[in-house]
Structure formats: C-alpha cells, structure tokens
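Student: One structure, as structure tokens, below. Some questions next.
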There are 4 protein chains.
Amino acid sequence: MKTIYKNSAATEGLVLAPWREKLNEVIFGSETAAGRNFDLTLIVLIVLSTLVVIVDSVEEFHDRHALILDSLEWLFTLLFSLEYVLRLLCVRQPWLYMRSFYGLVDFLSILPSYVGLFFPGVQYTSVVRILRLLRIFRILKLSVYLNEANLLKTALFNSSKKIMVFLYTVLTLVVICGALMYVIEGKEAGYSSIPVSMYWAIVTLTTVGYGDIAPQTPLGQITASFIMIMGYGIIAVPTGIYGAELIKTVNEANLSNEACPDCGGIGHDIDANFCKYCGHDLGDLPSHH
Amino acid sequence: MKTIYKNSAATEGLVLAPWREKLNEVIFGSETAAGRNFDLTLIVLIVLSTLVVIVDSVEEFHDRHALILDSLEWLFTLLFSLEYVLRLLCVRQPWLYMRSFYGLVDFLSILPSYVGLFFPGVQYTSVVRILRLLRIFRILKLSVYLNEANLLKTALFNSSKKIMVFLYTVLTLVVICGALMYVIEGKEAGYSSIPVSMYWAIVTLTTVGYGDIAPQTPLGQITASFIMIMGYGIIAVPTGIYGAELIKTVNEANLSNEACPDCGGIGHDIDANFCKYCGHDLGDLPSHH
Amino acid sequence: MKTIYKNSAATEGLVLAPWREKLNEVIFGSETAAGRNFDLTLIVLIVLSTLVVIVDSVEEFHDRHALILDSLEWLFTLLFSLEYVLRLLCVRQPWLYMRSFYGLVDFLSILPSYVGLFFPGVQYTSVVRILRLLRIFRILKLSVYLNEANLLKTALFNSSKKIMVFLYTVLTLVVICGALMYVIEGKEAGYSSIPVSMYWAIVTLTTVGYGDIAPQTPLGQITASFIMIMGYGIIAVPTGIYGAELIKTVNEANLSNEACPDCGGIGHDIDANFCKYCGHDLGDLPSHH
Amino acid sequence: MKTIYKNSAATEGLVLAPWREKLNEVIFGSETAAGRNFDLTLIVLIVLSTLVVIVDSVEEFHDRHALILDSLEWLFTLLFSLEYVLRLLCVRQPWLYMRSFYGLVDFLSILPSYVGLFFPGVQYTSVVRILRLLRIFRILKLSVYLNEANLLKTALFNSSKKIMVFLYTVLTLVVICGALMYVIEGKEAGYSSIPVSMYWAIVTLTTVGYGDIAPQTPLGQITASFIMIMGYGIIAVPTGIYGAELIKTVNEANLSNEACPDCGGIGHDIDANFCKYCGHDLGDLPSHH
C-alpha cells in the first residue's frame, strides 16, 4: 500500500514537484524527524478530538459547555480537512488514495461536521466522527509494534479456516439451543421468540450472562445447565486453535529454514554458526552473508 | 459413509440404472458442476427455510404475515420432500440411508409440516424443522474445510478421556458446592433445593453468572468467593487439555508422511536422517532433495 | 495406598484367612469378574443414593413421597454400613483404613442417618451424605481413566508453585480493588464494607458478574473498567501456566529418556529402534528388553 | 535492588557499625535464622493488621468494638514505625531506600494513622493502610517462589509488546462498539452517553456481564450478539500470547546453562553435541557424563 503513495521504481514516470515530494515524506513517511513529529501531532489531535466526541455525548457537558465543545470540534474538523487536502496534493494517484480503506476513514472523519451544517436536524451523525480512532492504526503500521502486530495477524490468518468451522458449529448450536429453550420456557420467562432465545443462547454460551433473561422452570434450568457446560468446553476451542497457531508462528520466526550442507540437519536457531548435529560450519550458507 | 451411497468395488453387484447413477452423482457428489450447483442451491434453501421458522416464531410476524410464511414453509417442505424421495431413489441401499444420521435428519426436517396437517392443535412441532440446519454439515463434509474440521475433531477425540475425567470432577464439585450453599443460604436467598443450588453452582463455575440467584449472607458470599476462584482455576483445565492436544495433532500433521523404503515405517520427524525403526538412510527420499 | 489393603511382600507377615483374602479381592480389587461387578454395583448404589438426597431436598417431593424417600435412604444406609463392616473385616490393618481419606468418607456417608435417629431435630445433617459421591473416585482409581487423571494431576502438581504465586497476586489485587471501590462507591451503591467490596472484586475478576452489586458513579465505572480489563488479562495466566505444564507433561510421557550410546542424542520417541541422528541401533538399551 | 541495602564490593567504602551490619542481616536478609524469624513475624503482623482494617470497615464491628480495633491499629502502627526507623538506621543509603518502591509503601502504611491524629475529620485515609499487603511481596522475593515468580514475570515482560497491540485494538473496539450501541439503544435502555456505553462494552467484551445495562431493542440485541461473539474470540488472544510465551520461557529454562569452554557461547540445547557458535565438541562438559 505504501507503494501507492511513495516514490518507487514502478511509479517513476509520475514525477512530483519537489515541494510535493517533501510533503509526501512528512505526511506518509516516518523516517525523517519532520515525519515523526507530524505522526505524533496527528496522534495527539486524533485522541483529543475523539475525547471531545465522547465528552459531548454526556448530556450534562453537552448542555453546559456547548460553545467550547462545538468550537473544538470545528477546529479539529478544519485541521483534519486541511490534512486531507494536503494528502490529496502529495500522493501520486489521488483517486486511488481516496478509495483506499484509510482514505475513506479520513473522509468519514470530517464529513459529519459538514453534513450537520446543512442538515442540523440529523442526529447521531456526529458519532461517525469516532471512526477517526481507526486512523491511529495507519501510524502504528510504521512503528516498532509492526512486527508484533504482524505475528498476531499471521496467526489469526492461518487459523481463520479452523475458526470459520468453529463459528459455524457455534451458530448451529445457538439456533438449536435457542429453539429448544423457546419451546421449554416460552413467553412467560422472557423467551418470547426464537430470535430472543438465540440472543439468550449467545449471552450464555459466551459466558457473558446478563441475567435479563434466565430460565425459570426446572426443565429449563437443567437444559440451560447442559448448554452452559457445553459453552464452558467450547471456550477452550478458539483458545486452543489460536494458541497452537501462535506457538507455531513464533517458532517458525525463530528457526532458520536452511539445512546443514554436511548432515542435512534442519531446525537450527537463526543465530547458530555450526550445525548442532554434526558440528559443520554453517557460515557458508547464503543466508549468513 | 460415502461408500454406502456411491459406486464402489464393494457394492459393484448392485448396478443402478444410468439415470440413477447420474442422479447419485449430482445429489451425493460434489465433483461435477451439477453436483456443486445442487449443493449450493440446497444450502440456500436450508438457510432460507430456517430463517422462515425463526421469523415465524416472532408473534408480530406470525400474526401479520401468516399466509406468506405458511406458503413458504409448504414450498420448502415440498422441495425437501422431493429431494428426500430422489435420495431414496438413487442410493443403492435405501433402508441403510434412512437409518443413517443424516437420513433421519432429512426425514425429521419434513415430518412436522405433515404432522401439523393432521393434528393442527399440536404446537411447537414446527420447531423441529430447525434441525434442517444440521443438513449443511453433510455438504460441508465435502468441502475445503474438511481437513480443518477433521483436525479439530481428532484433537477432541484424543482428549475425550481427559475431558471425561475433568467433567466428572466438575460434576462432583457442582453437587458438593450446591449442597453446601443450600445449607448455608437456604430458601430465603433463592437456594430453595439442592437441584436449584446445583444450577447456581453451574452458573457460577462456568463464570456465566446470571445473578438471578446470588449469595446474600456473609458466610454464603465467602463460600461463593472460594467457589468462583476455584472455577477460575478450573477453566484453565479444558483449555490446557484441548490446546495441548491440538498442538500435538498439528505437529503430527508436520511429520513426514513418506514411508521408509526399507521397512515401510511411517511417522518420521521431518528432520530425521535415518529411519527410526530400521536405521535405513532416509536421505534418498524425494522430499530430501 | 493400595498396599495398605492388598496382599504384598511387605505385609506378608499378616496372613488373612482364605475367605477374607477372597473378600479383599472382591471389594478392593478390580482384576476378577466379581471385583468388577462389585465396583459396578457400588457405583450404581452411590449414584442412586445421591439422587435420593438431592430429590429429598425439593420440598414438593419431600412432603409428598416422605415414606418412600426415607425407606430408600435407610436401605442405602444399611447397605453401605454392611459394606463398611466388610471392608473393616478384610483389610489387614483396619485402623489404618479407618483413618485414611476414603475410610473417613465411607464413615461420613453413613453417619448422618444414625445421628438423625437419635437427634431428630438436627437439620441439614442429611446433606453430609452427599459426600458419598467422592467414593466413586476410589473406584475410578482402578479404571482405564487412571493414566489420564494422573497426567492431569501431575501437571497440576508441577504447576502448583506458579499457581500459588498467581493466587497470592490475585488475592492482593482483590483486597486493594475492594478497598478502592469501597472508598469510591460507598454504601449507597451496595459496597457497604471492604469484605463486601472484596466479594464484588472476586465476582468481577473471575468474570462471573452477577450484577447484584455494580458501580453506579462515573468514577466507579471507570475504575471497574480497569479492574475488568485487568481480570481479562489475568485469566490468561492460569490457562498459560497449566497449558504449558500439560504440554511438557504429555511430551515427557512420550519421550524415551535414554541417550543413544553411539552419538549421545536424546529425545527419541519411545517406539524408536534406531537413533534418529546417527542411525545407531537402540535395541540394546535396557528399556528395550 | 538488594545491593542498595546489603554489603557488596561496590559499596565497600560505606562501612557500617557492626550492630548495624547485624541489624541489616536480620531485617533485609533471610539467610540467618534470625532473619527468617523476622520475616515470618512481619508476615503475620501484616496479615493481622490488614484484617483489622478490613474488619473495621464493617459498620457493625466498627461500632461495637471501636476501642479494641483502634488499640490494635495503634499497636500495629507503632510496631511498623519502629521497623521503619530501624530500616532507615541499618541501610547504607537511607535516602535511596526512602525513595524506593518498598520504602514508599512502608511509609504509606504508617502515615494514615498519624494523619488521622491531626485531621480526625478526613475519612477513608485509613484505607490507605491496606497497601501494607504489598510489603509481603518484598519478603516473597527472598523465598523459594522467587524462580516461579520470575518465570511468570519474564513471560509477561516478553509478551508485553504483543499485549499492548492487543489492548489498543480492544480499546478501539470498545469505543466503536460503545458509540454504536449508544446510537442504537439510546437513553431509554440505559445507554445514556458514550462513556456509559463504553463501560457496557467493556463489561460485555470481558464476559463479566453484570446485566445492569442490557440491550432491549431487537437491533441492539443483534449488535450485542456480534460484540459478544467477537469478545469470545478475542479472549483467546491474550491466553494464546501468554501461553505461547510461557512455553517458550519454560523451554529456555531447559536450555543447558553451561558455557562452551572454547568460545564462551551459551544457550545450547540440552541435546546439542557441538557448540552451535564455534563447533567445539561439548561432550567433555561435566553435565554430559
């Protein structure tokens, strides 16, 4: 994705004016001091503007400090609008940027304030501004946390098929348990329809257990007990899947994948200079130069 | 199981008419384009008919759209009945199919509508139709998710003995904790009998915690605290069991699947140079070059 | 423990009469058909008598079927008393048996009925009879589940020090969080004293969450949020501890602990005949004879 | 940290009087019998004084046994004050001790009683005394549990970056889910502002589920169902992270801790025959005989 915005051999034909090159480095890069300062300022602004949206939703604050909160919101909106325009100016392919995930998030972060200007009656649009929080992930992408996040994502990606199988099984359980409890408990106990019973089954299987709906007949409590013990066992499955995958991913990141040329042994640590099985010098492997 | 329905050397004596062979391929197979389309159509029909049953249980919809929902239900019933007859027609041993798990599920999916026709007063029979959802698992069996599902099942099967020991321990805990709280808290706090107290113990040990019954005396709260901390520790056990088994199962999937050319032994580590059974040099296997 | 009851070289001096030998074999052993039948009968009796105690606690049943339940209870008490006497008769050292864990459980299982005979006013003593359930574990000890249970216990024992450190940390957290919420929320919200607040902290940290006490002030809800996220992270610790230990225990049970005499390599599978590093014949190791 | 208090080559210039040396050994050390007895007495006093603070918070006890509880509290305060003075006397660098974590905890443990003497109106200061509980960790530091605690801490430290990434993701989810439910459910259902909705999101994602706020509209229940299933999957992540790290840490504790005699390299597998850094034959190390 970075190659869309930054100088590379592939987009060499599109030469930007020097000031736009410079701007690109500051806004999209994090190698220069200016780029890092820009990132830091942006994080602070995003967090502050999110706090304003959150605080504004508390009626007490909204009524008492309406002017300050509105002014702050407009300040942030103007700053983010300026940033959006600058981003459009300094990317090689503005249209590609606008349609990218982060381009849309950038746009949605400033839209609500302008919409509110023309349609003051439309409530709740301001809440969309909270999506600004997602923009921090773009900056995070360039940081020291990148490797860790990638490891977690790789493990998640590798276990996604297992998790899909698991989720479909859970969903089937939810539908069947929901239907069962709807028949057993019925409307009096709050299980007024299968969808509501399914909601209860999810609340129970995930061990959240609000207690807004709970079985009241002996038969219902027995059935619910079985469902709970099942949910108890089931919670072990995603943990096992993800844990096993994470261990594999971490291990693979720590092992050299080259065999000893002398004895064929593999599974050497990345920092090993000699084969641990036969003592052969590993220094002449390509990956050691 | 597939060998029951499909052509194989074992059932070669029972030769089907060509059109029934063709039908078998479409209905039970997924190798041909027609078979895959049939599977896809069936999944869509199953999901839609399940949705109709779910929506029908919401009183508001049931009252307002009774005619549409009923018509749809009959449409699905007729389609599934037709499918059931076709399945009977094209399998080699219809009786074996009818008594198989999926044969029964297929039958139970269409039964309630006909029962409702003759005994209109019998409520809730319609809910049995939700078992249709199970039929998707048969189709899933033929898909790319097969391997992942098998891995999860193998790990579950291998850890089943450990889980049985664990479940019996939990059950004993539930009975003893239930009896204890029944004595300590008594009827006033909602612990009206040992079965109800056991229900509370399950709700607590599984960390669901509805709160419909909760200890009220200091002694009861202290006892409940111990039970909760115990439950907290206990939840680690199935996760540990299943996780450890899953890691083992995944690792075994990482064992070389090539047999020793000398003794035919399998299960060698991928980094093994010599057959661990007969000492034969494994270096000349294709996977080692 | 079995050596206490059964014939062994160590207690050869104490020769039992042949009929007592025979009885010992039936009651404490599970190698003979009679022994296995005795075990099975006992399990059935224990489960039935526990069910009677549970059912008896339901007021409705207690009032309506008092005579049947009482008769059944006396029948079980007499049978278990007879069994207790027989056990005393056929063990070599009766006094040692009486003071052992299972000896005490056997005694406590029959005591309440006799106590109730002389002090009919003493309520709840009958609940002690539920301890009978523990007796099944003795029989389980002789079964195919022994190995699995031992594995789970070994892992639990090996991780007990880590779990102690973890439990003390959790307890400190509970006291400090409890004191904090007591100061923040106070009596109005139900946090009437530090012990009650500690009870709330346990309910929250274990993710049970009854909701009988819940924070109501904004500051209390913020503090509770931090406690919950902390509890969320903390639940990973016992699972990680136990899971890691279980994996180690399972692996150790699957590896030979003898080194190859030729190359010194260890970590061979138990069924390996040849060293996987140098191909040396492992057949002449003591454990292979 | 111990080097601050105890004799070592680095602080040899600061020679203490013999009686202060002796005192240092008793108070900070645990090698002598006197030192171990001091530690044990201190643990008992800390636990007792914590119990007094806890019991004192129960109104009933506070009213009835005010005199005893107050006297006990003053006894503990004086004892801990004496201990604090003695610690100051026998450390080489008192100022360094006072500013250290445990120095502050020691000071905060005795402060509230004196503050209460001069400002009797200030409520709740007494609760600060509960921090005394933290002092036990200092003593624990010297015990047999040190290694286990260090293992747990090392694994926690090594996984801290992954956990930070995870926590930021969860926080973003909490804000977005909170805002979403605030829009969907609104004030009537208790979601009176985004902060309150965020509190609900945390209660739900951590599977605590008090039930003080719960979705009531169908759309809210559907959204909540998705959030719960997400939380269900998410709980696997910290467990997986910590479990994987703990397995790695335990395995590393299984690495040979002997240095290669030739190059001084450490971290060899226990089954390594040759130094993986220089190829030196490790067979002549004592642990290989």
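Student: Measuring from a point 7 Å out along Cα→Cβ, what nm distances, shortest first, does A:L16 have to its partners in the other copies?
Tutor: Taking the point 7 Å beyond Cα along Cα→Cβ, the inter-copy spacings are 6.4, 6.4, 9.1 nm.
Student: Just to confirm a number: summing +1 for Lys and Arg and -1 for Asp and Glu over residues other than D:Y114 whose beta-carbon lies under 12 angstrom from that of D:Y114, what do you get?
Tutor: Residues near D:Y114 contribute 0 overall.
Student: Shifting gears a bit: Provide, for q = 0.20, 0.21 Å⁻¹, the log10 of I(q)/I(0) from a solvent-free Debye sum over equal Cα point scatterers in the range A:76-190.
Tutor: Reported log10 I(q)/I(0), two decimals: -1.06, -1.11.
Student: Nearest 20 debye, what's the magnitude of the dipole of the range B:4-141 about its Cα centre given +1 on Lys and Arg Cβ and -1 on Asp and Glu Cβ?
Tutor: 540 debye
Student: Multiply the residue separation of A:D63 and A:T217 by 0.36 nm, subtract the distance between their alpha-carbon atoms, and state the gained length in nm to one decimal.
Tutor: Taking A:D63 through A:T217 to full extension adds about 50.7 nm, to one decimal.
Student: For label points placed 7 Å from Cα toward Cβ, what is the shortest-first list of nm distances from D:E188 to its copies?
Tutor: 2.8, 2.8, 3.9
Student: Determine the relative contact order of the range D:4-141: mean sequence separation of Cα pairs under 8 Å and six or more apart, normalised by residue count, in whole percent. Provide the component values of the computation, followed by the final result.
Tutor: Numbers: 114 pairs, mean separation 38.5, N = 138.
That works out to 28 percent.
Student: Cα-Cα pairs above 22 Å in the range B:40-116: how many percent?
Tutor: In whole percent, the share of Cα-Cα pairs in the range B:40-116 beyond 22 Å is 30.
Student: Let me ask something else. Near the amide H of D:V58, under 5 Å away, which other amide H atoms are found, from residues 5 or more places off or on another chain, if H is placed in the peptide plane?
Tutor: Those qualifying (amide H under 5 Å, at least 5 residues apart or on another chain) are C:I194.
Student: At 25 °C and 0.890 mPa s, what whole-number value in µm²/s does Stokes-Einstein give for the translational diffusion of the range C:179-227, with Rh from the Kirkwood sum over Cα pairs?
Tutor: Details: Rh = 10.4 Å.
The estimated diffusion coefficient comes to 236 µm²/s.
Student: Which entries in A:K161/D:K153; B:K161/D:K248; A:K187/B:K187; A:K22/D:K162; A:K161/A:K248; A:K153/D:K161 show an alpha-carbon gap greater than 24 Å? Write out the running numbers ahead of the final one.
Tutor: Values: A:K161/D:K153 33 Å; B:K161/D:K248 27 Å; A:K187/B:K187 26 Å; A:K22/D:K162 33 Å; A:K161/A:K248 16 Å; A:K153/D:K161 14 Å.
Beyond 24 Å between Cα atoms: A:K161/D:K153; B:K161/D:K248; A:K187/B:K187; A:K22/D:K162.
Student: Another question, if that's okay. Which ³J(HN,Hα) values, rounded to whole Hz and listed in residue order, are derived for the range A:43-60 from phi using the Karplus coefficients 6.51, -1.76 and 1.60 in 6.51 cos²θ - 1.76 cosθ + 1.60 with θ = phi - 60°, glycine and proline given as x?
Tutor: Going residue by residue, I get 4, 4, 4, 4, 4, 4, 5, 5, 4, 4, 4, 5, 5, 4, 6, 7, 3, 3 Hz, with x marking Gly and Pro.
Student: For the range B:160-168, take each phi angle, set θ = phi - 60°, evaluate the Karplus expression 6.51 cos²θ - 1.76 cosθ + 1.60, and give the result in whole Hz per residue in order, putting x for glycine and proline.
Tutor: Calculated HN-Hα couplings, in order: 5, 5, 4, 5, 4, 4, 4, 5, 5 Hz.
Student: Also: Between rounded, prolate and oblate, where does the range B:160-253 land on the alpha carbon gyration tensor, with a ≥ b ≥ c its root eigenvalues, rounded for a/c under 1.5, else prolate if a/b exceeds b/c?
Tutor: On the way: a/c = 3.35, a/b = 2.65, b/c = 1.27.
In terms of gyration-tensor shape, prolate.
Student: If you don't mind, another one. The range A:86-114 to the range D:66-111: how many Å between their Cα centroids?
Tutor: 60 Å
Student: Then there is this: Using every pair of alpha-carbon atoms in the range C:4-141, split the distances into 5 Å bins beginning at 0 and state the percent of pairs per bin, rounded to integers.
Tutor: The percentages, shortest bin first, are 2, 9, 17, 22, 18, 12, 9, 6, 3, 1, 1, 0.
Student: Pop out the ³J(HN,Hα) list for the range A:93-105 in order, Karplus 6.51 cos²θ - 1.76 cosθ + 1.60 with θ = phi - 60°, rounded to Hz; leave Gly and Pro as x.
Tutor: So the Karplus estimates, Gly and Pro as x, are 10, x, 5, 5, 5, 4, 8, 6, 3, 6, x, 5, 4 Hz.
Student: Also, quick follow-up: What gaps in nm, shortest first, separate C:T32 from its twins in the other copies when you place the label 7 Å past Cα toward the beta carbon?
Tutor: 6.6, 6.6, 9.4
Each value in this text was obtained by applying a stated rule to the coordinates, not by laboratory testing. If you're wondering where the values come from, they're calculated on a predicted model, not measured in any experiment. Counting neighbours? That spans all protein chains shown, and the Cβs are built from the backbone with ideal geometry, glycine included.
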